[in-house]
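What follows is a short report on a single structure.
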Amino acid sequence: MKRMKNLAAAFLLALPLTALPILTSTNIQAAETTKTETHTYTGNGSVKDMKKTAYHSKDANGNIYKADFMADKPTVTLTKKTTLNKYRTTWYATRKMSVHVSGNKSRTYYYITSSDKKISGWTWEGYLHKGIFKSAD
């Protein structure tokens with residue numbers, strides 16, 4: 001008799017757990033996947049150190065990239081981290097690299113760090129202008 005009471009109590013306690021998924025409506029949404037902007041280039045040489053130079057950005061479309069260098073090939077993959085227009089600051093370039101784009105064309109990328117040293121990454125030299133940032137720009 002005691003065993004029957006325990007079985008009935010267990011059944012009554014488990015009933016809400018099994019019926020709950022049936023009674024509640026679940027709305028499952030697929031996770032949004034954002035495609036990360038990446039570029040793969042062949043390097044024209046190595047990364048070179050340069051004298052620390054101040055730059056600022058006037059271009060609203062400038063991007064900052066994370067660079068992944070291949071150990072066995074002269075290839076670099078640039079993955080977009082953020083945009084330059086989010087930060088109205090002076091950028092300091094300390095390294096540069098030249099990459100082969102297509103045909104005889106090449107691009108130079110600078111490794112930049114924000115003046116507060118919170119943001120850093122690679123950006124194309126065309127997005128930058130020499131000199132410190134002034135709020136009147």
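All of the numbers you see were taken from the coordinates with simple rules; none came from a lab. Here the structure is a predicted model, which means the values were calculated and not measured. Here Cβ is always computed from backbone atoms with ideal geometry, including for glycine, and neighbour counts include all displayed protein chains.
Couple of notes before you dig in:
- Spacing of the two label points (7 Å from each Cα toward its C-beta) at LYS52 and SER135, in nm: 2.5
- Ranked list, fewest to most other Cβ atoms within 10 Å of each Cβ, for MET97, MET70: MET70, MET97
- Binning the C-alpha pair distances of segment 61-101 at 5 Å intervals from 0 yields a P(r) profile of 5, 17, 22, 27, 15, 8, 3, 1 %, listed from the shortest bin outward.
- Using 0.36 nm per residue and subtracting the Cα-Cα separation, the extra length available between LYS86 and HIS100 on full extension is 2.2 nm.
- Computed about its Cα centre, the charge dipole of segment 38-130 is approximately 260 debye, with only Lys, Arg, Asp and Glu carrying charge at their Cβ.
- Distant-in-sequence amide H partners of ILE119 (H built 1.01 Å from N, under 5 Å): SER114
- From the largest down, segment 38-130 spans 36, 26, 23 angstrom on the principal axes of its Cα atoms.
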